[in-house]
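> Questions regarding the structure given below will be posed in turn.
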Amino acid sequence: KVFLDKPGVLAEMTATSRVGYHRYTFPASDAAKIIIDLKHRDHVFESWIEILSDTEIRGMRRSKNWADNMVWYFHMVFSKPFSQTGITVNDVIVPETSRAEGQNIKAFVGFETAKGEVIEIKVALSAVDPEGAYKNLVAEIPEWGFEGIRKSSYDAWNNELSKIRVKGGTDDQYTVFYSALYHSFLQPNIFMDVDRRYRGIDKQIHTAENFTNYTVFSLWDTYRAWHPLMTIIEQKRSGDFIKTMLNMYEKGGLLPVWELAANETWCMIGNHSISVIADAWMKGLRDFDGEKAFEAMLHSATQDHFGLDVYQKYGYIPGNKEHESISKTLEYAYNDWCIAVMARDLGHDDIYREYIRRAQSWKNIFDSETRFMRPRLNGSWLTPFDPTTVDWHFTEANSWHYSFYVPQDISGFIEFHGGKEKLLSRVDELFETGDRISGRDMKDITGLIGQYAQGNEPSHHMAYLYNFLNQPWKTQQRVRQIMDDFYTPHPDGLSGNEDCGQMSAWLVMSAMGFYPVTPGQLDYIIGTPWFSQIEIELENGNV
């Protein structure tokens, strides 16, 4: 809730899965108005609004922003009849109309209110059609009663947050931990109506059978710690996430890379649905067709886009053939390792051998002289080369941020460095260097300790590398430093973009004392817990 000073209105909101519930407390007025603005925020392709009665409005909005084609229908019911209404097209009032369409549509409803009078509004959404929005409204909030819905919403959240119970911390640590767990549950979002219809990646309307359809898969971020966290505390939903991904493969031809509202945005790099599937499968979460998933993984890893063609041809991506070549080479190599472990488990030995070879592609961009991952152009190393430089050879990063990214082959990585002592000195230098980041101004690179950047995902496993180098106490010291310094209950208490829960999932896992450096392996790497006692409530009833 928030008090709006200018109109003197207290605005409050709560929600169910598909319906928002608004409550506005007005001052005494003969001109209390609520505006429905369909142009606000992003580029609108088309929209329409219809005033159905003196208490109901419905409409549609199709727009482009992060996703190219987002479609939302809505149905609104007001607790008090309107005393006046109006619709504008291109900011001009259209007299005596109850329906309008276009790219700049707004409507308003007006009331006479007494001091402290409350007006409530139920707003249901559907990506399918206006009838779907109405069905969602009737099914989820059939009656009036803001406090009852607020209480049920509170109880639903409390049930989720109670899946991990901690004791023995400070008040600030409790606040940060449960705020992080809350952030971790914000996405993905249910993306189907109560009758199970949904808008598919093919833009057609389908009915979900035997799974809940979801949207918002920020996979470049979330495969690292968020999805592994969900394999512990949300196993059924993890199965639904993967079934949604496989459904996208069926309807659209590829596993999702960064999906939003039935759109592939192609934001970020890699094929990290592959990681999510392999990690769940190896942990025994197998409520999906493994062979079908394996087919989808192979298909997505053998395309000729985003540098995959030259990656498959050369065993790395030359910097003159594709931008962000270092990052893409390293992440494709990890994805290939995920395919290899899945192939081995399914008995596809030939494919296992092929992909475990492809997973070694990181060696082709490791410069043994500088011991950095270094761009190669026309067969030669990029010269001059400065590992602090943020440029187009990396994804939101420089060479410091990607030169430790070989989660699938840490033993080989140690060997290429010349042994544990030499890699240890390089990891120490990562955290201790006074060298500044140079090159492009990249807002995502924040939360710095030396060249380590907690505010962006490529760094997230690095503090745990000391465990592999016979100095676990340094992992404990750095992890505690990151938790204490970069996760606080203050306005600047999160050192970067939340990225659909990954930033917070790192904290949740680390505060529990263990971290998945290599999703797809069964090992967790030990860190240092924030709390003296932690209980995880599992879906099978065990604690």
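Read the figures in this text as sums done on the coordinates, not as results from a lab. A quick note: this is a predicted structure, and the numbers were derived from the prediction, not measured. Note that each Cβ is placed from the backbone with ideal geometry, even for glycine, and that neighbours are counted across all protein chains shown.
> Just to confirm a number: summing +1 for Lys and Arg and -1 for Asp and Glu over residues other than Gln312 whose beta-carbon lies under 15 angstrom from that of Gln312, what do you get?
Working: positive: Lys313, Lys321, Lys328, Arg357, Arg358; negative: Asp304, Asp309, Glu322, Glu331, Asp336, Glu354.
Spelling it out: positives minus negatives among the neighbours equals -1.
> Provide the net charge surrounding Ile242, with neighbours chosen by a C-beta distance below 14 Å and charges set as Lys +1, Arg +1, Asp -1, Glu -1. Please list the in-between numbers first.
On the way: positive: Lys236, Arg237, Lys243, Lys283, Arg286, Lys292; negative: Glu234, Asp240, Glu250, Glu259, Asp279, Asp287, Asp289, Glu291, Glu295.
In short, -3.
> With a ≥ b ≥ c taken as the square roots of the eigenvalues of the C-alpha gyration tensor of region 461-527, please select rounded if a/c is under 1.5 and otherwise prolate if a/b is larger than b/c or oblate if it is not? Don't skip to the answer; put the middle values down first.
On the way: a/c = 2.55, a/b = 1.46, b/c = 1.74.
Oblate, because a/c is 1.5 or more while a/b does not exceed b/c.
> By per-residue mean of other Cβ atoms within 10 Å, what is the highest-first order of 258-267, 214-223, 443-452? Mind dumping the intermediate values first?
Numbers: 258-267: 19.9, 214-223: 24.5, 443-452: 17.7.
The densest-packed peptide leads the list: 214-223, 258-267, 443-452.
> Would you compute, for the Cα atoms of the chain, the largest minus smallest coordinate along each principal axis and list the three values in descending order, in whole Å?
79, 51, 49
> Considering only Ser152, Phe372, Tyr405, whose Cα is most displaced toward the positive end of the charge dipole of the chain, charges sitting on Cβ of Lys, Arg (+1) and Asp, Glu (-1)?
My answer, from the dipole projection, is Phe372.
> While we're looking at this one, here's another question. Could you give the nm distance between label points at Asp428 and Lys1, where each point is 7 Å from its Cα heading toward the beta carbon?
5.7 nm
> If one computes the Cα centroid of region 262-299 and of region 1-45, what distance in Å separates the two points?
40 Å
> Computed over the Cα atoms of region 395-543, what is the ratio Rg over Rh, Rh following Kirkwood? Intermediate values should be presented prior to the final figure.
Working: Rg = 15.7 Å, Rh = 16.3 Å.
Looking at region 395-543, the ratio lands at 0.97.
> Same structure, new question: Within the set of other residues whose C-beta is less than 14 Å from the C-beta of Gly148, count the net charge using Lys and Arg as +1 and Asp and Glu as -1. Walk me through the numbers on the way to the answer.
Working: positive: Arg23, Lys122, Arg150, Lys151; negative: Glu12, Glu120, Glu140, Glu143, Glu147, Asp155.
Local charge sum for Gly148: -2.
> By a straight-distance test (C-alpha under 17 Å), which lysines pair with Lys283 as possible cross-link partners, with residues fewer than eight away in the same chain excluded?
Lys236, Lys243
> In debye, nearest 20, what is the charge dipole magnitude of region 179-262 about its Cα centre with +1 on Lys and Arg Cβ and -1 on Asp and Glu Cβ, if you could check?
Values: 9 positive and 9 negative charges, 2 e Å.
It comes to approximately 0 debye.
> Could you sort the peptides 178-187, 349-358 by per-residue average Cβ neighbour count (10 Å cutoff), highest mean leading?
Working: 178-187: 19.1, 349-358: 15.5.
Taking the mean over residues of other Cβ atoms within 10 Å, the ranking is 178-187, 349-358.
> With the cut-off at 1.5 for a/c, could you classify region 314-363 from its C-alpha gyration tensor as rounded, prolate or oblate?
Details: a/c = 3.60, a/b = 2.65, b/c = 1.36.
Prolate shape, in that a/c is at least 1.5 and a/b is the bigger ratio.
> I'd like the distance separating the alpha-carbon centroids of region 332-359 and region 219-244, in whole Å.
First find each Cα centre; the distance between them is then 21 Å.
> Sort 513-519, 493-499 by the packing proxy (mean of other Cβ within 10 Å over each peptide's residues), most packed first.
Details: 513-519: 21.3, 493-499: 18.4.
Most protected by this proxy first, the peptides run 513-519, 493-499.
> Something else: Aspartates and glutamates within cross-link reach of Lys80: Cα-Cα under 12 Å, excluding same-chain residues under 8 positions apart?
Within the straight-line limit of under 12 Å, Lys80 reaches these aspartates and glutamates: Asp54, Glu56, Glu112, Glu117, Glu120.
> For region 462-501 and region 58-120, what is the separation of their C-alpha centers, rounded to whole Å?
Cα centroid to Cα centroid, the span is 46 Å.
> Turning to a different aspect of this structure: Pop the C-beta distance of Glu101 and Ala31 into the FRET formula with R0 = 22 Å and round what comes out to the nearest 0.05. Working shown, then result.
On the way: r = 27 Å, r/R0 = 1.24.
After rounding, the FRET efficiency stands at 0.20.
> Mind listing the long-range amide H neighbours of Leu255? Cut-off is under 5 Å, sequence gap 5 or more, other chains count too, H placed in the peptide plane at 1.01 Å from N.
Counting only residues 5 or more places away or on other chains, the set is Ser300.
> Stick to the Cα atoms of region 136-226, pair each with every other, and give me the Kirkwood hydrodynamic radius in Å at one decimal. Could the numbers behind the result be given before it?
Working: mean 1/r = 0.0614 Å⁻¹.
That comes to 16.3 Å for region 136-226.
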